[in-house]
1. Quick check of the Kirkwood formula: for the chain, what is the inverse mean of 1/r over all pairs of different Cα atoms, in Å?
2. Place the peptides 213-222, 259-268 in order of packing, highest mean first, counting for every residue the other Cβ atoms within 10 Å and averaging per peptide.
3. Which lysines, on any chain, are close to K267 with Cα under 25 Å apart, when same-chain ones fewer than 8 places away are left out?
4. Quick check: residue separation of T20 and T5 times 0.36 nm, minus the Cα distance between them. What number comes out in nm?
5. Pop out the Kirkwood hydrodynamic radius of the range 220-269 from its pairwise C-alpha distances, inverse of mean 1/r, in Å to one decimal.
6. Using a 1.4 angstrom probe on heavy atoms only, work out the carbon and sulfur share of the accessible area of the chain in %.
7. Determine how large the accessible area of L84 is when every protein chain is in place; take a 1.4 Å probe and give Å² rounded to the nearest 10.
8. Need the list of aspartates and glutamates near K83 for cross-linking: C-alpha distance under 13 angstrom, and skip anything on the same chain fewer than eight residues off.
Amino acid sequence: FTENTDDNGAGIYNDNSSPTFGNCTFNNNSAMTDGGGMCNSTSNPILTGCIFSNNSAQSGGGMSNSTSSPVLRNCSFIGNQAKLINEQYNALGGGIDNYMSDTVLLNCILSDNSAQYGAGMFNSENSGPILTNCNLVRNRASGFAAGIYSAENCRTELTNCILWDNTGGHISGDAGVYYSDVQDGWPGEGNNNIDEDPLFADLDNGDYHLKSQAGRWGPVSQSWIVDNVTSPCIDSGDYGTAVGGKLEPNGGRINMGAYGGTEEASKSP
């Protein structure tokens, strides 16, 4: 779905439907109002392995959700933009905009997105997104919260996530953050969050695998690479979350970040 334009949902517009998408790419689409890549209205789509890149709209550059509950697994939102088209309104949610929506993200990456508010994600009107093993990295907000902005009466739940190198703050509003790495820190139940450099393989070029002395997956070489340091995000996720597809040695505990619980999870030293 490439280089389409429309008022809403330039790539795809879902109305009162529950479609399934797998390994799809939404690239360089532009909407005047909502959802450059995809707009969901009273819809519950399921997306696996999809990429939203360089899409734009006033709200939800990558995806806009209204009274919807999409489920996204292994999806990436990269370089999307909520841009100011109508100056009567703000530019909200560079990656994802949620309005009365309970979006679920698992093993997803939101990076290099931009907006006035909520460059990675913007939530309003009782939205309650749940993010597990996600990365929000290098997003840029000209106003507040380059990572996630939650307006009044909204609450975001984040578990095993990494929020790092976002320009304009990481989280604004009510959020429950557990077993996550948040730059500059964030209070969590039982003090289980950390504020340490996650030691990504190549932050500048978007390789967010975690460095490990026991081995990390190299997507370019398609092989396991041994580093001279180990990320503090390895074996630091929620004790109650299964290690999933993490290969041995796995330490019996899931990693933080987008590859935690997958076959590309960095190994435990």
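The values are calculated or read from the model by the stated rules, or taken from the named source; none is laboratory data. The model shown is predicted, which means the values in this text are computed figures rather than measured ones. Every residue, glycine among them, receives a Cβ derived from its backbone with ideal geometry; neighbour counts consider all protein chains shown. Surface areas here come from the heavy atoms of the whole protein model, side chains and all, with no ligands, DNA or RNA. Shrake-Rupley method; radii C 1.70, N 1.55, O 1.52, S 1.80 Å.
1. Result for the chain, one decimal place: 17.9 Å.
2. 259-268, 213-222
3. K211, K246
4. Extending this stretch completely gives an extra 3.2 nm.
5. 10.9
6. 44
7. 90
8. Hits, sequence-local ones excluded: D34, D97.
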